[in-house]
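First up is the structure itself, then whatever we jot down about it.
The values are calculated or read from the model by the stated rules, or taken from the named source; none is laboratory data. Everything numeric in this text was worked out from a predicted model, so none of it was measured. Ideal geometry is used to build each Cβ from the backbone, glycine not excepted, and the neighbour counts take in all protein chains shown. When the accessible area is computed, the model is the full protein with side chains, heavy atoms only, and any ligands, DNA or RNA have been set aside. Shrake-Rupley method; radii C 1.70, N 1.55, O 1.52, S 1.80 Å.
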Amino acid sequence: MRIQAAQLAQYLPPKQHLFVLAGDEPLSITEAIDQIRAAARQHGAQERASFTVERYFNWGQVSQFLQSFSLFAEQRILEINLPTGKPGVEGAKALQQLAEQPAADTTIILTLPAPDRDMTSSAWYEALSQHGVLLVLNQVPLAQLPEWIAQRLAMQQQTADEASRRFIAEQVEGNLLAAHQEIQKLGLLYPPGPLSEDAIRQCVLNVARFDVSQLGEAMLQGDPQRVMRMLEGLREEGETAVAVMNPLIWLFRPLLQVRLAMQQGIAMQAALSQARLFGDRQQLVRRALEFLPQKHIEAALQKLSDIDRMAKGVGDGDAWLELSRLCTGIARMAANKTARTAAGRSR
């Protein structure tokens, strides 16, 4: 069964013995593992085995551990880290067997990367999610970070106003471990109670980390300021203009494909499927279709082609400057569309 992070305490050992932690947020995964381990140890688990599945991994080691007899403890912990999310044929069988024939004396913790389409459609993943506790732990979106920060501050008996929480969120976006460390630092430097905005600004460093794939999301959501922060952050982290530009190309190309398909009478949902757009990307493209006509999409692709030549030294101009102009321009278009929609509803 799939649960939310806040529900984990309800399913800890001895209630459940199989836990699947999937996602790309290391702090949340580490904290969940610690919570499960602590509960298993309180339940009598004193022996722990840990395996990381790499190329040529011998799944027989897992079977051997489960079949062996422990001289020291009635309960044990088995941790399996599958960083690629691809167990192979032998591993798929082993994981399915783990799910369908659980060991009563063993708490099993399996960690996986963020689930993709191939993973979620596999028989072994379905068996694990059906027979075990599935917890998907991805990065906390920027919009939810202020609330997350408020909860963490409350744990150390501190509070901050909304503006201060937003400030912290902007400084630590995409880097939850750093967010945790900055909040702990506030707990060490200041006593319990309300924190002033000046104190927070003096203490909290700019430790945001951005993923290139997030840039298109910020752009189409209509957030020019966040787009600029991301571009500056990516450049400071050493990303090349080409590396930043390529995901944008792979966003605009299917967007144009959907627009052209709809002009031919194909329904939007069918056009999205043909362009292999699913999940969050599908929602972003739907939003973009509301404010980006075909000529703007084609112009954006042409501009990205020009930027590519600039970045490679065969065209005149500053690639990063042109990227900023393109991305913030589209973000402003999205913001204007949102503003017009809100104004129409208020009439």
(message) Go through (1) among the acidic types (Asp, Glu); (2) assigned to a loop (DSSP other than H, G, I, E, B); (3) modelled with pLDDT of 90 or more for GLU31 and report which single condition fails.
(response) (2)
(request) Determine whether segment 17-25 contains at least one residue that is of a type outside the set (Gly, Ala, Ser), within 30 Å of ASN175 (Cα to Cα) and in a loop (DSSP other than H, G, I, E, B). (result) yes
(request) Considering only segment 281-307, state which residues are open to solvent by less than 20 Å² (accessible area, probe 1.4 Å) and closer than 27 Å to ASP318 by Cα. (result) ALA288, LEU292, ILE297, ALA300, LEU304, ILE307
(request) Tell me, yes or no, whether segment 270-280 has at least one residue that is open to solvent by less than 60 Å² (accessible area, probe 1.4 Å), small (Gly, Ala, Ser), more than 27 Å from ALA143 (Cα to Cα) and within 25 Å of the chain's Cα centre (by Cα). (result) yes
(message) Show the residue pairs meeting these rules: Cβ distance below 6 Å; 6+ apart or different chains; first residue within segment 178-190 and surrounded by 13 or more Cβ atoms within 10 Å (Cβ to Cβ); second residue of a type outside the set (A, V, I, L, M, F, W, C).
(response) ILE183/ARG152; GLY187/GLN156
(request) Give me a count of the residues in segment 34-50 that are of a type in the set (D, E, K, R) and either part of a helix (DSSP H, G or I) or over 16 Å from ASP105 (Cα atoms) (or both). (result) 3
(message) Among the residues of segment 66-89, are any part of a helix (DSSP H, G or I), open to solvent by less than 30 Å² (accessible area, probe 1.4 Å), in contact with a strand residue (DSSP E or B) (Cβ under 9 Å, 6 or more places away or on another chain) and on the phi < 0 side of the Ramachandran plot?
(response) no
(request) Please give the number of the condition VAL133 fails out of (1) at positive phi; (2) surrounded by 13 or more Cβ atoms within 10 Å (Cβ to Cβ). (result) (1)
(request) Given the conditions (1) over 21 Å from MET245 (Cβ atoms); (2) touching a helix residue (DSSP H, G or I) at 6+ places or on another chain (Cβ under 9 Å), report the number of the one that GLN283 does not fulfil. (result) (2)
(request) Determine whether ALA127 is at pLDDT 90 or above, more than 20 Å from the chain's Cα centre (by Cα) and open to solvent by less than 20 Å² (accessible area, probe 1.4 Å). (result) yes
(request) Show the residue pairs that are 6+ apart or on different chains and have beta-carbon atoms under 8 Å apart, the first residue being within segment 25-53 and open to solvent by 70 Å² or more (accessible area, probe 1.4 Å), the second being assigned to a helix (DSSP H, G or I). (result) PRO26/LEU176; PRO26/LEU177; GLN35/LEU8; GLN35/ALA9; ARG48/ARG37
(request) Please state which one of GLN214, GLN225 is at pLDDT below 95, open to solvent by 40 Å² or more (accessible area, probe 1.4 Å) and out of contact with any strand residue (DSSP E or B) (no Cβ under 9 Å at 6 or more places or on another chain). (result) GLN225
